[in-house]
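For reference, the structure discussed in these notes is given below.
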Amino acid sequence: MHLKDLTCENDVKREIRKLFKSYRCYDRASPAGHFSKHGVPDRHACCRGWFIGVEAKYGGNGLSVPQAKDLKEISAAGGIALVIDEKTLEVLEDVLRDVRDGNAGVDDAWWFSLPQHTPGYLEAKK
C-alpha cells in the first residue's frame, strides 16, 4: 500500500494487522466500547515471546494521557511499545524483523515513531 492510499487511522490499523499477520504474530485489537479500559493500545501482539503494544495514529495526532501511561507500563514490563502512523509503518516492520531474526533487545522497548515521540519519550501530546 502506498502512503497516499492511507487516509485515516483505520487504514493504519489495517496495515499494522497485515504486518503482524505476515510475521506470524498472535495479534488482537483492543475491544472498543463503553466498558473497555481507556488507553489500551489499538493492537497488541505476541511475536516469538515478545509482547508488542501498538498505538496507531494518523495525521500527526498525539497520545492521550491514558495511552501514554499504558505504553509506559508495557515498556516497563519488558514489552515493546510503539506509536505508529501512516508515515512510519516501516518502523514496525523493522522491529518485527528484529524479533523474527532474534535481534530484538531491551532497546526495542523504547521505539516510538512519531516526530513528537523520540525514543524513551512517552508523554501525552499537549
_Quick check on this structure: which one of 68, 45 is small (Gly, Ala, Ser), at pLDDT 90 or above and within 13 Å of the chain's Cα centre (by Cα)?_
45
*Test residue 57 against the criterion of being farther than 18 Å from residue 104 by Cβ and more than 14 Å from the chain's Cα centre (by Cα), and give yes or no.*
no
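The values are calculated or read from the model by the stated rules, or taken from the named source; none is laboratory data. Keep in mind that this is a model prediction, so the values were computed, not measured. Every residue, glycine among them, receives a Cβ derived from its backbone with ideal geometry; neighbour counts consider all protein chains shown.
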